[in-house]
Amino acid sequence: MIQKFQYYLDEHLARKVAVDCEEAKSLMHKATLRLDYIKKQEIKEDTSAFIFEDIYETLREAAQSLMSLEGYKPYSHEALISFLKEFYQFPEHEISSFDRYRILRNKTVYCAANVSPEVCKEALKFSETFLPKLKKAYEKCQKAP
């Protein structure tokens, strides 16, 4: 369960740091390039887990980009999701999807779980709609005084 962001700060799973616009820019750029790369891949039974991990990584990089703009450093993927939920107030269903993909990614990396091509395609579709929202939030922050 995702906690309030303050919990992650208190537990040292995120910390306040200096705003780092260059890191933010680099992470968002990398997320964009990664998604472009992913879209060129063929999602099959034997590739879907690897592609899924990259799809999740795209969202993680973009979310961390927003944290860098606000002067936070995550030490937990849950902290990233909590940050998005509190600082940017994305709809609950999008936060829940991102968290569900976090859990599944964790299972693929640490438990060798498989991801079906259908779930991978669903995650790709989600990233194709959610990443532009993260980029829009990024651009808005870049324009703020």
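The values are calculated or read from the model by the stated rules, or taken from the named source; none is laboratory data. Predicted model, so just to flag it, every value in this text is computed and none were measured. Methodologically, a virtual Cβ is constructed for each residue, glycine included, from the backbone with ideal geometry; neighbour enumeration extends over all protein chains shown.
Side notes on the structure shown:
- None of Leu35, Leu80, Leu59 is at pLDDT 95 or above, closer than 17 Å to Phe126 by Cβ, under 15 Å from the mean Cα position of the chain (by Cα) and surrounded by fewer than 22 Cβ atoms within 10 Å (Cβ to Cβ) except Leu35.
- Pairs with Cβ under 6 Å, 6+ apart, first in the range 77-105 and small (Gly, Ala, Ser), second modelled with pLDDT of 95 or more and surrounded by 23 or more Cβ atoms within 10 Å (Cβ to Cβ): Ala79/Tyr8; Ala79/Ala14; Ser82/Tyr8
- Against the list (1) among the polar types (S, T, N, Q); (2) within 17 Å of Lys121 (Cβ to Cβ); (3) under 12 Å from the mean Cα position of the chain (by Cα), the condition Ser48 fails is (3).
- Residue within the range 87-96 that is surrounded by 22 or more Cβ atoms within 10 Å (Cβ to Cβ), modelled with pLDDT of 95 or more and out of contact with any strand residue (DSSP E or B) (no Cβ under 7 Å at 6 or more places or on another chain) present: no
- Search result, residues across the range 1-25 that are polar (S, T, N, Q) and in contact with a helix residue (DSSP H, G or I) (Cβ under 8 Å, 6 or more places away or on another chain): Gln3
- Helices (runs of 4 or more DSSP H) (entirely within the range 44-145) containing at least 2 residues that are hydroxyl-bearing (Ser, Thr, Tyr): 48-70, 92-111, 117-143
- Restricting attention to the range 11-32, the residues that are small (Gly, Ala, Ser) and either under 19 Å from Thr108 (Cα atoms) or buried (at least 17 other Cβ atoms within 10 Å of the Cβ) (or both) total 3.
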